[in-house]
Amino acid sequence: GERIAVMMPMTPESVAIFLGIIAAGCVVVTIADSFSAEEMQVRLKITEPKLIFIQDVISRNNKQLPLYTKLESESKLPAIVLPESESSQIPLRSGDQLWSEFLSDHHALTYAARKPHDETTILFSSGTTGNPKGIPWDQTTPVKAAGDGYLHHDIHTGDVVCWPTNLGWMMGPWLVYASLINDATIAITDAVPTSRAFCEFVQNAKVTMLGLVPSIVSAWRSQDRVAGLDWSQIKVFSSTGECSNPEDMLWLMSRAGYRPVIEYCGGTETGGGYITGTVLKPGVPGLFSCPALGFSWLLLDETGNETTNGEVFFEPPVIGLSTRLINRDHHEVYFADIPPGPGGQTLRRHGDQIEALPLGYYRAQGRIDDAMNLGGIKVSSVQLEELLNQATGVREVAAIAVPPEGGGPSLLVIFVVLHEGVMFVADQLQQEMQQIIRSQLNPLFKIHLVHEIEQMPRTASNKVMRRKLRDLYQGSEI
């Protein structure tokens, strides 16, 4: 099928476009609307779509952010443009069309028949190298997403599911499949997720399953955004994307009569979760309570023996698990150099560290590799470092994610080695680096701290030991 890109916020139209492309036998290339023009171009180059659906502008916090103009350098890629409001005055490039002109008068829907492993969607995930991995979802991935929705999130006919996300992140397509295949309604709003208006929307739309990333919960709690609202319709919450703070999650549960939070962890390449929760077992704030149904995995130590706190290795096959990559060797990324498991089984690396606790509960310990989750978005340290090397007076940069005291969403900490004779002014350098990230990568990534160091700790093969930097940060009073 032809590849067709979508770069839009989550709207009824973007969901319809997403499903329409798949029904037509084509492949959706989803690009998050928060990406810079450079990041958009990287993804278009990897996938080479024939067409893009894009909104003209996005309004957030009373500001209008340009979206369509990011296409300026993509002269060969025709666009279908959806105006955010009726009064859009943005001039179109020649060959581009407005959504209203593109729509036909046909009301009958015809589907193109496809095989199980034919692609439906190409999503992107940061690996441990700078360029994002293009990960295809096929016709089996919706089964995985819907299964996790039904079996672990208790999504049934008549439920109303709300999850602030975007089609560019895996939770966007997941939300579409997990809701609609299970005959539930998707609740969509353009309210900023951390705002009071969003919390009121949850009440008024009578949301029964509310998904989020932990950073949103800490914002609600610190501003008491839910005060006086009736969230009694909620049956379950779900939390994904980063490690949870147990106190925040207990507070969240208390907003809806102590309904459980299903901690949910997987990845773009898993089409859903490998570790999650269930409403059949008491929910413990901040902890997972079971492996995802149909998913087998082990925790191994550095010598390859089973342990209670170690690296996760999958035991394939699993429905929805990726089998190829667009721009990388799939075997190299997930299977190369991994010895067989304790039972001689083939193992697949994933990069998370998990701690097994009594009674079948688990705690997430973050990433083992050089990827990090910031605000629910996975990004590689390498990608951040390559950008931040541009900062004034900087010789070397290392980016690490560290858990805050008491657990919860990771904080982004930057270590720098400066050129000789350059004065270290922390605030100034942090501001400059924040501006680089905002304009060239993603405005959602916030730097917690910049710290100067004389030299980077390195392995014999000259790799920066980020774990040493994490220890240094956590063991000192920086």
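The values are calculated or read from the model by the stated rules, or taken from the named source; none is laboratory data. Predicted model, so just to flag it, every value in this text is computed and none were measured. Positions of Cβ are generated from backbone atoms using ideal geometry, with glycine treated the same way; all protein chains shown enter the neighbour counts. Side chains are part of the model used for accessible areas, which takes the heavy atoms of the whole protein and leaves out ligands, DNA and RNA. Shrake-Rupley method; radii C 1.70, N 1.55, O 1.52, S 1.80 Å.
Determine whether Q64 is surrounded by fewer than 16 Cβ atoms within 10 Å (Cβ to Cβ), in a loop (DSSP other than H, G, I, E, B) and more than 23 Å from the chain's Cα centre (by Cα).
no
Okay, residues lined up against (1) farther than 24 Å from C243 by Cα; (2) of a type in the set (A, V, I, L, M, F, W, C):
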| position | (1), (2) |
| --- | --- |
| G304 | yes, no |
| N309 | no, no |
| F313 | no, yes |
| D370 | no, no |
| S380 | no, no |
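Kindly indicate which of P136, P173 is at pLDDT 95 or above and part of a strand (DSSP E or B). Full working, then the answer.
On the way: P173 fails: part of a strand (DSSP E or B).
Criteria check complete, one pass: P136.
Can you tell me which residue within the stretch 334-355, out of those that are over 16 Å from P317 (Cβ atoms) and within 24 Å of the chain's Cα centre (by Cα), is surrounded by the fewest Cβ atoms within 10 Å (Cβ to Cβ)?
Applying the filter and picking the extreme gives E355.
Which one is farthest from the chain's Cα centre (by Cα) among residues in the stretch 39-53 that are assigned to a strand (DSSP E or B) and more than 19 Å from P132 (Cβ to Cβ)?
Here the residue is L51.
If a residue must be open to solvent by 10 Å² or more (accessible area, probe 1.4 Å), outside any strand (DSSP E or B) and in contact (Cβ under 8 Å) with a residue 60 or more places away in the chain, how many such residues does the stretch 1-22 contain?
Of the residues in the stretch 1-22, 9 are open to solvent by 10 Å² or more (accessible area, probe 1.4 Å), outside any strand (DSSP E or B) and in contact (Cβ under 8 Å) with a residue 60 or more places away in the chain.
Given the criterion β-branched (V, I, T), within 20 Å of I377 (Cβ to Cβ) and at pLDDT 95 or above, identify the matching residue among T270, T278, T240.
T270
When the residues of the stretch 324-333 are filtered to those that are touching a strand residue (DSSP E or B) at 6+ places or on another chain (Cβ under 8 Å) and part of a loop (DSSP other than H, G, I, E, B), which remaining residue is surrounded by the most Cβ atoms within 10 Å (Cβ to Cβ)?
L325
Please find, among G408, G376, the residue that is farther than 24 Å from E38 by Cα, touching a residue at least 40 places away in the same chain (Cβ under 8 Å) and of a type outside the set (V, I, T). First the steps, then the outcome.
On the way: G376 fails: farther than 24 Å from E38 by Cα.
Of the residues listed, the single one that is farther than 24 Å from E38 by Cα, touching a residue at least 40 places away in the same chain (Cβ under 8 Å) and of a type outside the set (V, I, T) is G408.
For residues that are open to solvent by 40 Å² or more (accessible area, probe 1.4 Å) and either modelled with pLDDT under 90 or out of contact with any strand residue (DSSP E or B) (no Cβ under 8 Å at 6 or more places or on another chain) (or both), tally how many sit in the stretch 356-366.
Total meeting the criteria: 3.
So which residues in the stretch 164-203 are open to solvent by 10 Å² or more (accessible area, probe 1.4 Å) and within 16 Å of G271 (Cβ to Cβ), if there are any at all?
Those that are open to solvent by 10 Å² or more (accessible area, probe 1.4 Å) and within 16 Å of G271 (Cβ to Cβ): T165, W169, M170, M171, Y177, L180, I181, N182.
Restricting to the stretch 105-128, and then to whatever is among the hydroxyl-bearing types (S, T, Y) and open to solvent by 70 Å² or more (accessible area, probe 1.4 Å), can you tell me which residue is farthest from E385 (Cα to Cα)?
T110
Can you pull out every residue in the stretch 67-102 that is in a strand (DSSP E or B), open to solvent by less than 60 Å² (accessible area, probe 1.4 Å) and out of contact with any Phe, Trp or Tyr (no Cβ under 8 Å at 6 or more places or on another chain)? Explain how you work it out, then say what you get.
Within the stretch 67-102, the subset in a strand (DSSP E or B) is 79-82, 97-98.
Applying the additional criterion that residues be open to solvent by less than 60 Å² (accessible area, probe 1.4 Å) yields 79-82, 98.
L98 - this is the single residue of the stretch 67-102 that is in a strand (DSSP E or B), open to solvent by less than 60 Å² (accessible area, probe 1.4 Å) and out of contact with any Phe, Trp or Tyr (no Cβ under 8 Å at 6 or more places or on another chain).
Hey, can you tell me all the residues within the stretch 417-439 that are surrounded by fewer than 15 Cβ atoms within 10 Å (Cβ to Cβ) and touching a Ser or Thr at 6+ places or on another chain (Cβ under 7 Å)?
S439 - this is the single residue of the stretch 417-439 that is surrounded by fewer than 15 Cβ atoms within 10 Å (Cβ to Cβ) and touching a Ser or Thr at 6+ places or on another chain (Cβ under 7 Å).
Mind listing just one residue for me: the one in the stretch 23-41 that is modelled with pLDDT under 95 and touching a Pro at 6+ places or on another chain (Cβ under 7 Å) and, of those, surrounded by the most Cβ atoms within 10 Å (Cβ to Cβ)?
Within the stretch 23-41, the match that is surrounded by the most Cβ atoms within 10 Å (Cβ to Cβ) is D33.
Need pairs with beta-carbon distance below 8 Å; first residue more than 22 Å from Q64 (Cβ to Cβ) and among the aromatic types (F, W, Y) and within the stretch 82-104, second open to solvent by 80 Å² or more (accessible area, probe 1.4 Å) and not in a helix (DSSP H, G or I); sequence gap 6+ or separate chains.
If the second residue must be open to solvent by 80 Å² or more (accessible area, probe 1.4 Å) and not in a helix (DSSP H, G or I), no pairs are left.
With a cut-off of at least 1 residues that are in contact with a helix residue (DSSP H, G or I) (Cβ under 8 Å, 6 or more places away or on another chain) and closer than 24 Å to C265 by Cα, name the helices (runs of 4 or more DSSP H) lying wholly within the stretch 366-478. I'd like the intermediate steps shown before the answer.
Details: elements: 381-388, 426-440, 466-474.
Fully inside the stretch 366-478 and qualifying: 381-388, 466-474.
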